[in-house]
Amino acid sequence: MGKIKIRIIVISLIAMMLSLISTTTLAYYQTVGKATNVVTSGNIRFIIHEMTDQGTAFPQEGVYVLPGDVVSKEVTIESDCDHPFYLRVKPVYGVDSQALSAEDCFKLNINEEHWILHDGWYYYKGIVNPGDTTPYVFSHVEIVGAEVDNSYIGKTLTLTVKAQAVQSENNPAVNGEIFNVPGWPAE
């Protein structure tokens, strides 16, 4: 039995030594690496231009109007970035009185050749490429005389142009409809 015990101890020691050697060998062949990938997204920038038919900027302080007046206000959007994008524009109407409505007071002559109305937004029918300026959304605003009665005297009517854009690169229109492009911001 003495020889068997010695053999078991020797075999156990050899097994432990092999185990230690193989663990060290495995550790020697393993390596840990770390990769850092930087992804930078582009941004979309545009400039809304509001011009008169005389080629001057529409006055910031607005204009004095009477019912039935037609005001020259040509609205275009210029790309100010390096990426093409889809574009939509929404006129937002206002009046400085809660009791009055402004939306029916304005009649816009929309450029239907280049813009399409859907859910209150006018969508540009093409893609705005870097450096391009869209055709006008509308060029004149009529103050609807039938709607602007004596209750509007002394009130200020406002027409604000709101615009949103979505990248067009790798972002096709669903079913070919520009208003179904993924990524339009929520209002």
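Sticking with the crude label model, points 7 Å out along Cα→Cβ, report the distance from Asp82 to Ala146 in nm, one decimal please.
If labels sit at Asp82 and Ala146, their model points lie 5.3 nm apart.
List the residues whose amide H sits under 5 Å from the amide H of Ser168, counting only those 5 or more places along or on another chain, with H placed 1.01 Å from N in the peptide plane.
Phe85, Tyr86
Using the beta-carbon distance between Ala99 and Thr56 and R0 = 22 Å, what value does 1/(1 + (r/R0)^6) give for FRET efficiency, to the nearest 0.05?
After rounding to 0.05, the efficiency reads 0.05.
Need one number: nm distance between label points at Thr156 and Leu108, each 7 Å from Cα along Cα→Cβ, rounded to one decimal.
Taking the simple label geometry, Thr156 and Leu108 are separated by 2.1 nm.
Peptides 107-115, 86-94, 161-169: what's the order by average Cβ count within 10 Å, highest mean first?
86-94, 161-169, 107-115
Summing +1 for each Lys or Arg and -1 for each Asp or Glu, what net charge is found among the other residues whose Cβ lies under 11 Å from the Cβ of Ile44?
Surrounding charge for Ile44 is -2.
What aspartates and glutamates does Lys155 reach when the alpha-carbon gap must be under 18 Å and sequence neighbours fewer than 8 apart in one chain are set aside?
Leaving aside aspartates and glutamates fewer than 8 places away in the same chain, those within reach of Lys155 are Glu61, Asp69, Asp96, Glu103, Asp104, Glu142, Glu147.
Just order 135-141, 170-176, 49-55 by mean Cβ neighbour count inside 10 Å, highest at the front, would you?
135-141, 49-55, 170-176
Pulled fully out, how much extra length does the chain show between Ile116 and Val65, if you take 0.36 nm times their separation in residues and subtract their Cα-Cα distance?
15.5 nm
Select from Asn150, Trp121, Gln98 the residue farthest towards the positive end of the dipole of segment 46-180; place +1 on Cβ of Lys and Arg, -1 on Cβ of Asp and Glu, and compute about the Cα centre.
Gln98
Any read-out appearing in this document is the output of simple, stated calculations on the displayed coordinates, not a laboratory observation. Small disclaimer: the values here were computed from a predicted structure and weren't measured. All Cβ positions, even for glycine, are placed from backbone atoms using ideal geometry, and neighbour counts span all protein chains on display.
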